[in-house]
Structures are given as structure tokens and as C-alpha cells.
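Asks: The structure follows.
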Amino acid sequence: MRKFLKPVQQGTRAWLPAVILVVGISACVNNPGVTRDLKKHSRPEHVRSVDETRDPNRSQTSLVPVRTIHNTGYVSLSDVARTANYHGVWLRDGSYGIGEHDPIWKFRTGESAGTKAGKKLQMSAPAIKESNQLYIPVSALRSLFAPELTMQSRGGSISFMQRAVAGKSRATGGVMPFADAQVSPGRGGMLKIASAGDADTVIEDGRKYLGVRYEFGTGNYDETGTFDCSSFVRYLFDKVGVSLPRTAREQAQEGKSVSRDQLQKGDLMFFTVPGRFNSDETPGHVGIYMGGGKMLHSCPAPKDGVQITDINSAYWQRMFLYAKRVL
């Protein structure tokens, strides 16, 4: 395995709902929908965010431009991501990814389908690239981004509205502490924990990567030298023979549910991510429980990269969704 020097820390990034991250990747597939005179056949319209709808005097930076291309309405994915407080990133593999701490949605130039948590969804027309922006048909927004985003057509615009409703969240919303499982001693007074050896291996191996930089939607670590939250988990568990899907949302479908007061080392912990349109129901971040209220994970904040965090704090207690045991 190639060895990478630990990158210089890039400082603390504030992880707040108002933060909007938009990064770029380049597409690797020729796009039959792009023409030289694209602008001649396009006209600007607007998709309004919920904040814009409620307050028409807000700055136009909240507007999402829509283009009519070949008689079809298109919207820029980076604008959708920005409006919804998601990351919108050109990934290393040439696709465009959107998500919270890892890419849930992926699109490729010239393809009439996108993927959501690994599931392929058809679009009425191909994705089109122009000026490093990737556009998809407006008609595909609802099938691709619901229920995470709620949209409403209002004449020549579309309003994005927050779906989360107070009191109907799977996130606890409270400050309940995490606790280790009480394990009965076995023969000879030794504690019996299922797959304890694998859990220790995962955690000790994971410590070796402390400080390795976080990169949204990164590729294989042996090639990139970076992790995002779910690629880090997948990389470590693969070493002990446990194959996991790529994203936190998909990984959350694996394993056995575990109560927050019955945690064991090696359990996967899933959290919602605060944001303008977060549903408080869908995992946006995953980490590995280390025992004693500590979690090993890759995250852009409070440090940048692989870090150990005390999860018995108000923030992590509020954002917690559930834990899964895969060992």
C-alpha cells in the first residue's frame, strides 16, 4: 500500500447551517447535448429558494437560474446544491456528486440517468455541461431529490421548501448520553464481546490515519491519500473482511440496530447533518464507536480530516440517529 505523509491541518471549519460549499470536478464523458450556440437557445428563468419565496427583498444570490435548452428546462446542480446547503462537487472519477459528508447523488455529462444512494434513476433528457456547470432537466428534480427537498411550481419559478417538521424527527433532539454495553464475564473472568478482536483491529488501524485530510467524494485512499466519512469506514472494515457500501446512507442499511446505551467498540454511529433542508431522518455522517464515549471518524470539522471526538456533547447527542453493529 502506498504511504502518504499526513497533510498539514487546514484549520477549523465552522459546521453551521449557513455554510454553503460548492466545489468543482471535470466530466470525462462527451456530452451530445452541448452545442456551440447553447446560449443562443437558452433563456434565464429562476427557481426561488424558500427564503426567497418568503422574503422577495432578499439578495438574488438565493436564486437558482434555470435554462431552457432545446425546449427543455434545465437547472444547474451546483445551484441546487447551494440552495439546499449540500456540497456540490466535481469528483475525481469525472462525475458530479451532491451530498452532506459524502456523495448521495451522482451524475455524468451526457447520461440520461443519475444515481441516488447507489440506485439508478432515469431522467427525461441527458445531463448537459456548460462552463464547468452540470445541468439536469427540471422535470427530474422531484424524482431525484424528494423527499429530501420539497418543490412547488409557481408560474415560471419553483420554490424549494423545508420538509422537516418539529417533533417528527428520528433524531433525538435531546441531550441523552451514550453508554457502553454492560458485558457479562465469561469463563476465567474474561469479558465476552462478539468480534472484539476485529473491533480492536479496526480502531487501532484507524488511529494510524489520524490527521489524514477529509475530501468530499474522494476515491480509494491508496490513490488519493484522503477520506470522507463513509470511505474511511469502508476502508477500515474491508481490512477485516466486512464489505460495506460506499455512502453513509447505504451503510446505515447494514447490520443490527443497537441502543445508544448498549454500544460496543466497532459499532457504526449515524448522525443527521444540520442544514437548511435536512430532514433529520436520513444519515449524513457516519463514525466508528471506540468505547468510553469516543468516536473515530473523518469529518471537515471541528478539525479537518480523521479525528477522535467526544460524542457525549450536546451537539452530537442532538444529531444522533441510530447505531448499527456489523461485526
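Asks: Which ones in segment 262-290 are of a type in the set (Phe, Trp, Tyr) and either touching a strand residue (DSSP E or B) at 6+ places or on another chain (Cβ under 6 Å) or at pLDDT 95 or above (or both)?
Replies: Step one: of segment 262-290, the residues of a type in the set (Phe, Trp, Tyr) are 270-271, 277, 289.
If the condition is that a residue be of a type in the set (Phe, Trp, Tyr) and either touching a strand residue (DSSP E or B) at 6+ places or on another chain (Cβ under 6 Å) or at pLDDT 95 or above (or both), then Phe270, Phe271, Tyr289 are the ones that fit.
Asks: Based on this model, can you work out whether Pro147 counts as out of contact with any strand residue (DSSP E or B) (no Cβ under 7 Å at 6 or more places or on another chain) and crowded, with 19+ Cβ neighbours inside 10 Å?
Replies: Answer is no for this residue.
Asks: Still on this structure, I have one more. Which number in (1) within 16 Å of the chain's Cα centre (by Cα); (2) assigned to a strand (DSSP E or B) marks the one condition that Tyr289 misses?
Replies: All conditions pass for Tyr289, except number (1).
Asks: Sticking with this one: Among the residues of segment 258-279, is there at least one that is out of contact with any Phe, Trp or Tyr (no Cβ under 7 Å at 6 or more places or on another chain) and without any contact (Cβ under 8 Å) to a residue 40 or more places away in the chain?
Replies: Looking for residues that are out of contact with any Phe, Trp or Tyr (no Cβ under 7 Å at 6 or more places or on another chain) and without any contact (Cβ under 8 Å) to a residue 40 or more places away in the chain, one finds none in segment 258-279, hence no.
Asks: So is Ala181 touching a strand residue (DSSP E or B) at 6+ places or on another chain (Cβ under 9 Å), more than 21 Å from Glu281 (Cβ to Cβ) and at pLDDT below 95 or not? Break it down stepwise before answering.
Replies: Details: touching a strand residue (DSSP E or B) at 6+ places or on another chain (Cβ under 9 Å): yes; more than 21 Å from Glu281 (Cβ to Cβ): yes; at pLDDT below 95: yes.
Taking the combined requirement at face value, the residue satisfies it.
Asks: Please note which strands (runs of 3 or more DSSP E) are completely contained in segment 75-122 and include at least 2 residues that are among the small types (Gly, Ala, Ser) and touching a residue at least 12 places away in the same chain (Cβ under 8 Å).
Replies: Values: elements: 87-90, 96-99, 103-107, 113-116, 119-122.
In segment 75-122, the matching strands (runs of 3 or more DSSP E) lie at 96-99.
Asks: What do you reckon, is Lys303 surrounded by fewer than 20 Cβ atoms within 10 Å (Cβ to Cβ) and either under 14 Å from the mean Cα position of the chain (by Cα) or at pLDDT below 95 (or both)? Give the derivation first.
Replies: On the way: surrounded by fewer than 20 Cβ atoms within 10 Å (Cβ to Cβ): yes; either under 14 Å from the mean Cα position of the chain (by Cα) or at pLDDT below 95 (or both): yes.
In short, yes.
Asks: Hey, another quick one. Quick one: count up the residues across segment 112-138 that are farther than 17 Å from Leu149 by Cβ and over 22 Å from the mean Cα position of the chain (by Cα).
Replies: Counting residues in segment 112-138 that are farther than 17 Å from Leu149 by Cβ and over 22 Å from the mean Cα position of the chain (by Cα) gives 8.
Asks: Looking at the structure I just gave you, is Lys265 charged (D, E, K, R), in a loop (DSSP other than H, G, I, E, B) and in contact with a helix residue (DSSP H, G or I) (Cβ under 6 Å, 6 or more places away or on another chain)?
Replies: On the way: charged (D, E, K, R): yes; in a loop (DSSP other than H, G, I, E, B): yes; in contact with a helix residue (DSSP H, G or I) (Cβ under 6 Å, 6 or more places away or on another chain): yes.
Yes; evaluated as a whole, the condition is true for this residue.
Asks: Can you pull out the residues in segment 211-233 that are in contact with a strand residue (DSSP E or B) (Cβ under 9 Å, 6 or more places away or on another chain) and not in a loop (DSSP other than H, G, I, E, B)?
Replies: Step one: of segment 211-233, the residues in contact with a strand residue (DSSP E or B) (Cβ under 9 Å, 6 or more places away or on another chain) are 211-218, 221, 226-233.
Correct list: Tyr214, Tyr221, Phe227, Cys229, Ser230, Ser231, Phe232, Val233.
Asks: Identify the residue in segment 79-108 that is surrounded by fewer than 23 Cβ atoms within 10 Å (Cβ to Cβ) and more than 23 Å from Glu250 (Cβ to Cβ) and, among all such residues, is farthest from the chain's Cα centre (by Cα).
Replies: Among those residues, the one meeting the criterion is Asp79.
Asks: Can you tell me how many residues within segment 129-170 are at pLDDT 75 or above and not in a strand (DSSP E or B)? Let's see the steps before the verdict.
Replies: Residues of segment 129-170 that are at pLDDT 75 or above, as a first pass: 129-151.
Subsequent filtering for residues that are not in a strand (DSSP E or B) retains 131-132, 138-149.
Adding up the residues that qualify gives 14.
The values are calculated or read from the model by the stated rules, or taken from the named source; none is laboratory data. Since this is a predicted model, take the numbers as computed values, not measurements. Glycine gets a Cβ as well: all are built from the backbone with ideal geometry, and neighbour counts include every protein chain shown.
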